[in-house]
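The values are calculated or read from the model by the stated rules, or taken from the named source; none is laboratory data. Not measured: the values here are computed from a predicted model. FYI the Cβ positions are ideal-geometry reconstructions off the backbone, even for glycines, and counts take in every protein chain you see.
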Amino acid sequence: MSKILGKINLMQLTSVIKKMKGQSGDVECIVIPIESNNLFKGEKGLYLDLIAFELKEKKNDSKDTHLVKQSLDKVTRELMTDEELKAMPILGNLRVWDDNFESESKSSMEVQDESDDLPF
């Protein structure tokens, strides 16, 4: 059985990082609008549907085997132009790995301070 490791960069979605007030002080949060990111509200949660594409050509310095994009429902997809579909960001990557694999985290984020209270 193969093991698959993946990373999703949530900042590729329409989002912002905010510092908000929590019960024990400031909490750094990511705020992701539901509708503008085509998130799906289900009975048991809020979902981001994903699809992975196997890479045809791998870079020499990368172990990635797949790229990950958002999967949209048929109605939303049909309303988009070819340019809009091609412009959808790569959200992350996947790779088949063994027990010797170590991962690195790479991201760049803008932080916005705001003093809204949080329930946690």
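Taking the listed residues GLU57, GLU28, GLU84, GLU78, the one that is part of a strand (DSSP E or B) and among the acidic types (Asp, Glu) is GLU28, with no other qualifying. As a summary of the residue check, LYS106 satisfies the conditions (1) within 14 Å of MET11 (Cα to Cα); (2) of a type outside the set (Asp, Glu); (3) modelled with pLDDT of 90 or more except for the one numbered (3). Close Cβ contacts (under 7 Å, 6 or more residues apart or on different chains) running from residues in segment 8-24 that are closer than 18 Å to GLU35 by Cβ to residues that are among the small types (Gly, Ala, Ser) and assigned to a helix (DSSP H, G or I) comprise THR14/SER36. If the condition is being surrounded by 12 or more Cβ atoms within 10 Å (Cβ to Cβ), assigned to a loop (DSSP other than H, G, I, E, B) and in contact (Cβ under 8 Å) with a residue 12 or more places away in the chain, then segment 34-48 contributes ASN38, LEU48. The residue that is surrounded by the fewest Cβ atoms within 10 Å (Cβ to Cβ), among those in segment 50-63 that are modelled with pLDDT of 90 or more and of a type outside the set (Phe, Trp, Tyr), is GLU54. Going through (1) modelled with pLDDT of 90 or more; (2) polar (S, T, N, Q); (3) in a loop (DSSP other than H, G, I, E, B) one by one, ASN93 falls short only on (3).
Would you call LYS7 in contact with a Phe, Trp or Tyr (Cβ under 9 Å, 6 or more places away or on another chain), part of a strand (DSSP E or B) and under 28 Å from ARG95 (Cα atoms)? Spelling it out, it is not the case that LYS7 is in contact with a Phe, Trp or Tyr (Cβ under 9 Å, 6 or more places away or on another chain), part of a strand (DSSP E or B) and under 28 Å from ARG95 (Cα atoms). Screening LEU50 against (1) of a type in the set (A, V, I, L, M); (2) over 28 Å from TRP97 (Cβ atoms); (3) touching a strand residue (DSSP E or B) at 6+ places or on another chain (Cβ under 6 Å) leaves a single unmet condition, (2).
Against the conditions (1) surrounded by 13 or more Cβ atoms within 10 Å (Cβ to Cβ); (2) touching a Leu at 6+ places or on another chain (Cβ under 9 Å); (3) not in a strand (DSSP E or B), LYS69 satisfies every one except (3). For first residues located in segment 64-78 and under 14 Å from LEU5 (Cβ atoms), partners that are outside any strand (DSSP E or B) and of a type in the set (Lys, Arg) and lie 6+ apart or on another chain with Cβ distances below 8 Å form the pairs ASP64/LYS58; THR65/LYS58.
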